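The values are calculated or read from the model by the stated rules, or taken from the named source; none is laboratory data. Remember, it's a predicted structure, so these values are computed and weren't measured experimentally. Cβ: placed from backbone, ideal geometry, glycine included. Neighbour counts: every protein chain shown.
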Protein chains: 2
Amino acid sequence: MYSFEQLYQIFSEELGKQNFTKNPKELYEPIVYTLSQSGKRLRPIFTLMACDLFGGDIYKSIPQALAIELLHNFTLIHDDIMDEAPLRHGQETVHTRWNQKLAILAGDTLYALAYRYVMQSNIESLPAILETFNNTALEACEGQQMDINFENLDVVSKDDYILMSNYKTAALFGASMCIGAIIGEAPEEDVELLSLYGRNLGMAFQLRDDLLDLYGEQKDFGKKTGLDIIENKKTYLFVAAMERADNETKKQLWSCYHDPQVGPEKKIAKVKAIFDRLNIETVTNEAIESYVNKSLESLEKVNRPKEDKVILEKLAKQMVSRKK
Amino acid sequence: MYSFEQLYQIFSEELGKQNFTKNPKELYEPIVYTLSQSGKRLRPIFTLMACDLFGGDIYKSIPQALAIELLHNFTLIHDDIMDEAPLRHGQETVHTRWNQKLAILAGDTLYALAYRYVMQSNIESLPAILETFNNTALEACEGQQMDINFENLDVVSKDDYILMSNYKTAALFGASMCIGAIIGEAPEEDVELLSLYGRNLGMAFQLRDDLLDLYGEQKDFGKKTGLDIIENKKTYLFVAAMERADNETKKQLWSCYHDPQVGPEKKIAKVKAIFDRLNIETVTNEAIESYVNKSLESLEKVNRPKEDKVILEKLAKQMVSRKK
């Protein structure tokens, strides 16, 4: 079995070999820029891992891992426009560095390029891979719309939040595993189990992201903590707090989010004080653990030797404690 | 053989049967709105026609015809944002009626939905259809970028204009025919010939569009004539004029496009006077005829009975004289 680090290395090399320096150069510059940013590459590595677990040749799953990474980057570029985000991982977003028109078109192009890689499957697995890939892209769009809808809502239920995250984030984690398993020629039940493993891990990932935004160390996380609060984001912390708060606390929380007089630092401090009082850090950590446990339960049932599953087990457990 | 009108009817009915009223409803409203606008539906009908020509069951090509129509509408929504167009065919564009964020996301969703239809091919023809569809989507993005680049150029060569139109517009006409022919199980040479027929017809379509913008009757064309001039678009008329003009006329044309003092009506009149002096209407009509002739030459070589090709022959000839 390959280690995570080996797969990261292999994937990065393969990504580096792709030639995206094409004409019209104005269009491909932001694509090269986006893809060269050293993200965690979690999703494509999931694909390689799933393939590896079933003894598949991981190099056969490289095109699909690339497709996953391109799809992910397409959603980032477009989401950043919609969220009016100036930075991502400390780097200027595409619409900030260039302009919005180009960011729209570069995103579209990445999405179209992604399908070129999806297509590089053998004919037997193409329909299943295509369907998974496609459904995920659609869920990402629908999840993003739900997230946008949340901006105009005072209250968002935990169920709605979970549905949104499931579509916007977790689906792609599930699909990454699913597609890798298909290429590794896993039996259908195992494909299903690994998809679930990925999807629940994706949920844990998103909740951990929400948690780190406020409770993470800025030096680890790489961005200013508390940004979600400043932007009035309906994160898991917020929906969990709203669920646990009494009417008086709800009012306080609501007024923190809606009082334009309160400066950003003070707003973060006030909201954090309420979250702390409601034990939100613990509550969120429990939810993360619960998703990780669901992941592990699915993994347990996958019909592969226990020792081959260790790497995925470790990966899931790391999701509970990751710092960035 | 089905007539154009019959195919229009059948396609419209099939499109009407599709259920795009889904959740989140905010996302699907603009999709329903866009698809319900009664365009010419030229591209999906091309697909049905090509299938019909080879004796294929046209209903088998309905999913791909839908995919083509969705892809086309995706490009329209995103192009309209980039072009800052308030109206399309007299109706508010999606970003005007709703907002830009939603227009980006509705476009993305249409594109993802398009692939759902592409997938509904039999397994033997799926790779070829997917490749054609994909290449076309990429060419549309690249062509749009070339078009955007033209905005900042004083001079655009005719060759560059033709390359741009070929990518931005004609590729999809070619792909529509190509995919229909594949589903109709046409031999490879005939698929190629019909693709060429479609692509050249697409070029004729674009040049006719450019021509009608200035020389069309407003009542037929449905939009104000001369808009391209007001927007400083590098149309075929413009590039042909620049090619034919002496230095003095080039300067005049250039100053018409760059003098902010000249009001829109006067600008149109001045530019039109130069175009008239250079015989641009005739020159453009000759170019259109030349593309239509290339289409007819390809059609001629397609190995089908002459009487079955009459409908495509008629369609090509209509491209020379279409008024809207």
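Values for this structure:
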| read-out | value |
| --- | --- |
| Hits in region A:56-105 - residues which are under 30 Å from A:Gly184 (Cβ atoms) and either of a type in the set (Gly, Ala, Ser) or touching a Lys or Arg at 6+ places or on another chain (Cβ under 6 Å) (or both) | A:Gly56, A:Ser61, A:Ala65, A:Ala67, A:Ile68, A:His72 |
| Residue within region A:45-56 that is of a type in the set (S, T, N, Q) and within 19 Å of A:Lys324 (Cα to Cα) present | no |
| Count of region A:128-140 residues which are at the interface with another protein chain (Cβ under 7 Å from one of its Cβ atoms) and either in contact with an Asp or Glu (Cβ under 6 Å, 6 or more places away or on another chain) or surrounded by fewer than 18 Cβ atoms within 10 Å (Cβ to Cβ) (or both) | 1 |
| So A:Ala204, is it more than 20 Å from B:Lys101 (Cβ to Cβ), more than 14 Å from chain B (Cβ to nearest Cβ) and either polar (S, T, N, Q) or not in a helix (DSSP H, G or I) (or both) | no |
| Residue tally, condition at pLDDT 95 or above and either within 8 Å of another protein chain (Cβ to nearest Cβ) or farther than 23 Å from B:Ile45 by Cβ (or both), over region B:75-106 | 18 |
| Filtered residues of region B:5-61 (kept if surrounded by 12 or more Cβ atoms within 10 Å (Cβ to Cβ), over 23 Å from the mean Cα position of the chain (by Cα) and closer than 18 Å to B:Arg97 by Cα) | B:Pro24, B:Glu26, B:Leu27, B:Tyr28, B:Glu29 |
| Odd one out for A:Lys314 among (1) over 22 Å from the mean Cα position of the chain (by Cα); (2) surrounded by fewer than 13 Cβ atoms within 10 Å (Cβ to Cβ) | (1) |
| Scan of region A:1-34 for residues that are closer than 21 Å to A:His72 by Cβ, modelled with pLDDT of 95 or more and within 11 Å of chain B (Cβ to nearest Cβ), ordered by number | A:Leu27, A:Tyr28, A:Glu29, A:Pro30, A:Ile31 |
| Entirely in region B:219-296, the helices (runs of 4 or more DSSP H) that have 1 or more residues that are free of Cβ contacts under 8 Å to residues at least 24 places away in the same chain, surrounded by fewer than 14 Cβ atoms within 10 Å (Cβ to Cβ) and aliphatic (A, V, I, L, M) | B:264-277 |
| Condition met for B:Leu201 (free of Cβ contacts under 8 Å to residues at least 24 places away in the same chain and over 20 Å from B:Phe275 (Cβ atoms)) | no |
| Residue among A:Arg88, A:Arg116, A:Arg97 that alone is surrounded by fewer than 20 Cβ atoms within 10 Å (Cβ to Cβ) and touching an Asp or Glu at 6+ places or on another chain (Cβ under 7 Å) | A:Arg88 |
| Test set (1) closer than 25 Å to A:Pro127 by Cα; (2) at pLDDT 95 or above; (3) more than 9 Å from every other protein chain (Cβ to nearest Cβ) - B:Ala112 fails condition number | (3) |
| Scan of region A:92-115 for residues that are touching a residue at least 40 places away in the same chain (Cβ under 8 Å) and closer than 12 Å to A:Leu71 by Cβ, ordered by number | A:Leu110, A:Tyr111, A:Leu113, A:Ala114, A:Tyr115 |
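Per-residue answers, yes or no, for (1) facing chain B (nearest Cβ under 9 Å); (2) of a type in the set (Phe, Trp, Tyr); (3) buried (at least 21 other Cβ atoms within 10 Å of the Cβ); (4) within 23 Å of B:Tyr117 (Cα to Cα):
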{"site": "A:Asp108", "(1), (2), (3), (4)": "yes, no, yes, yes"}
{"site": "A:Glu142", "(1), (2), (3), (4)": "yes, no, yes, yes"}
{"site": "A:Asp147", "(1), (2), (3), (4)": "no, no, yes, no"}
{"site": "A:Ala171", "(1), (2), (3), (4)": "no, no, yes, yes"}
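Every residue, every condition in (1) over 30 Å from B:Phe173 (Cβ atoms); (2) at pLDDT below 95, yes or no:
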{"residue": "B:Ala241", "(1), (2)": "no, no"}
{"residue": "B:Cys256", "(1), (2)": "yes, yes"}
{"residue": "B:Glu289", "(1), (2)": "no, no"}
{"residue": "B:Asn303", "(1), (2)": "no, no"}
{"residue": "B:Glu307", "(1), (2)": "no, no"}
{"residue": "B:Val320", "(1), (2)": "no, yes"}
{"residue": "B:Lys324", "(1), (2)": "no, yes"}
